[in-house]
Amino acid sequence: MKTRKEFLNSIQNSKLIVIKIGSARVSGEESKINDFLYDLVGDIRNLRDQGKEVILVSSGAIAQGKKLLEEKRGNIPNGKTTLAEKQAFAAMGQNKLLNLYESFFSRVNIPIAQILFGRKDLNEEKSFTNLKQTFRQLLDWGILPIVNENDSVSTEEINLGDNDILSAIVASIVGADLLLILTGVDGFLKENSKIDLFTEITKETENLATGPSGPGTGGMFTKINAAKLLLPYGIKTGIVNGEKKQAISQFFKTESIGTLVANTNFPHRIPNASEIQTHFFSFPTE
């Protein structure tokens, strides 16, 4: 059986990396958000200086939009948020979220671009190819793509676990070597002990995973399922505590950070549009 340490070299050699940021990392106290983003842009600048390519998948538009409305109208009544309200929050918050990223990445001379798409954009091979070519062109230009689902007109994000599954889809589209999912815990915990490595995700593992505990809709269940979806394509997944300083940089330096899901028995390959439709949209939702 392989150990986590045996994967460290392949992690360090990863060329194309997708990093997923959940709603909790970009919502809440402004000082906490700023600390996180300051650390994030430094880590990504470091990765790019090593010649690596990075794509961000970021949730948070709905949370940002809700905050905007609260500032404008005062307290919003508690209770279940309707689909129309969630989509309206996303429409309000998407621009604010991108402006927030722009304000930080501009400090380290990293230009950004926004990509919004949904399941319908993957229905046809032509649309799939166009999307893949857009990612490649931006990366070739040295632009950092920041991806979210088109929440104001689409409903999948609400059901896809705070963009955990979307980040796996993006990783598969671009043929990433590694997906890093930033969360609020140290990794996958079993009986309060962190599991360093999974080479497969069993039903028992899924049953141990928990649901969302913050402003997002994901939780460990969808994170571990995102990793499971990528295993057949030879794409590694790291689940890392985004609240820790330089968590991304440390993941590349030591085998003790976060939980890694990887299996060398699967060769690295890129699925086509049909595979993505059948494979990535048939996962359990709870």
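The values are calculated or read from the model by the stated rules, or taken from the named source; none is laboratory data. Everything quoted here is computed from the prediction, not taken from an experiment. Glycine gets a Cβ as well: all are built from the backbone with ideal geometry, and neighbour counts include every protein chain shown. The protein model used for the area step is the full one, side chains on, heavy atoms only, and it has no ligands, DNA or RNA in it. Shrake-Rupley method; radii C 1.70, N 1.55, O 1.52, S 1.80 Å.
Here are the numbers:
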| quantity | calculated |
| --- | --- |
| Scan of the range 130-146 for residues that are over 19 Å from the mean Cα position of the chain (by Cα) and not in a helix (DSSP H, G or I), ordered by number | 141, 142 |
| Counted residues, the range 262-279 - those being part of a loop (DSSP other than H, G, I, E, B) and over 17 Å from residue 127 (Cα atoms) | 8 |
| Conditions (1) at pLDDT 80 or above; (2) under 26 Å from residue 87 (Cβ atoms); number of the one not met by residue 155 | (1) |
| Count of the range 230-261 residues which are closer than 28 Å to residue 125 by Cα and small (Gly, Ala, Ser) | 1 |
| Selection from the range 78-129 of residues that are in a loop (DSSP other than H, G, I, E, B), at pLDDT 90 or above, closer than 22 Å to residue 170 by Cβ and not hydrophobic (A, V, I, L, M, F, W, C) | 111 |
| Residue count, the range 23-44 (criterion: crowded, with 19+ Cβ neighbours inside 10 Å, in a helix (DSSP H, G or I) and among the small types (Gly, Ala, Ser)) | 2 |
| Residue in the range 63-83 that is over 24 Å from residue 27 (Cα atoms), out of contact with any strand residue (DSSP E or B) (no Cβ under 7 Å at 6 or more places or on another chain) and open to solvent by 50 Å² or more (accessible area, probe 1.4 Å) present | no |
| All positions within the range 247-282 that are surrounded by fewer than 15 Cβ atoms within 10 Å (Cβ to Cβ), farther than 26 Å from residue 118 by Cα, polar (S, T, N, Q) and out of contact with any Ser or Thr (no Cβ under 9 Å at 6 or more places or on another chain) | 254, 256 |
